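Here is the structure we will look at.
A short reminder: the numbers here are calculations on the coordinates, not readings from a lab. All figures in this text were calculated on a predicted structure; none of them were measured in a lab. Reconstructed Cβ throughout: ideal geometry from the backbone, glycine too, with neighbour counts over all protein chains shown.
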Amino acid sequence: MKRLVKILAPLVLGLIVAIPLVSAQGTPIGEADTAAGESVYNSTCMACHQANGQGLPGAFPPLADHVDELVKAEGGRTYVTNVVLWGLQGAIDVNGMTYNSIMTPQSHLNDQQIADVLNYVVTAWEGAAKLPEGFLAFTAEEVAAQRATQKTPAEVLAMREALQLGAE
Ligand code: HEC
């Protein structure tokens, strides 16, 4: 019996250590379920950002051919999570055009719906090909961590200003 414990104990310990390591790696974006996010997008975001993600020049910024640039910046995935949760207010430049408007908070969506819709907007409109290799899908846990932070739309703008975005 003692011998058995000696043999099994390292195995069990090994498993306990290995399981969180595997789950911490997350799901590659290519394996994410984007269908759920598409329906959240269509019912929640499309009215402003439009079906094709192009937005409306001067009124609603595009997400297509743009959101990849945001998430590539350091802190960018946290920023976009906060935009959906808490909204955004103030002047931003996107592809040479200034937007100075307000996005209302979308915190009525639950954590999973926000993760889903973000997985949709980063992959839709041929965006998947523009993501860095190894980009991981947004998770409900990641959204929950930001929901605990409570921000105003102006504070979210400050987060954007701290991103090192390339010349636009
Ligand atoms: C009522 C209209 C409206 C809705 C609904 C809306 N947005 Fe927005 N969104 C805006 C506006 C306006 C801005 C720019 C705000 C500004 O000028 O500061 C914006 C900005 C953004 C940005 C930041 C762009 C950047 O360059 O920093 C992201 C990301 C975004 N929206 C995603 C979404 C997603 C995802 C949804 C749905 C869950 C959504 N939006 C719903 C109007 C909207």
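Counting only DSSP H runs of at least 4 residues, each contributing -39500 (n - 2.57), and dividing by the residue count of the chain, the helix-based mean residue ellipticity at 222 nm comes to -14500 deg cm²/dmol. The angle between the Cα long axis of helix 76-86 and the longest principal axis of the Cα atoms of the chain comes to about 70 degrees, rounded to the nearest 10.
If I fit a long axis through the Cα atoms of helix 153-162 and take the longest principal axis of the Cα atoms of the chain, what angle between them do I get, 0 to 90°, rounded to 10? Tilt relative to the chain: about 80 degrees. Seen against the Cα atoms of the chain and their longest principal axis, helix 2-25 is set at about 10 degrees.
Spin-label model, residue 52 to residue 140: label points 7 Å out along the Cα-to-beta-carbon direction sit 3.5 nm apart. For the chain, a simple Cβ point-charge model (Lys and Arg +1, Asp and Glu -1, everything else neutral) yields a dipole of about 880 debye relative to the Cα centre. Computed over the stretch 28-162, the convex hull of the alpha-carbon atoms projects to a mean area of 7.2 nm². The string of couplings for the stretch 97-109 from the Karplus curve (6.51, -1.76, 1.60, θ = phi - 60°) is 10, 8, 10, 9, 9, 10, 9, 6, x, 10, 6, 5, 6 Hz, one whole number per residue in order, with x for Gly and Pro.
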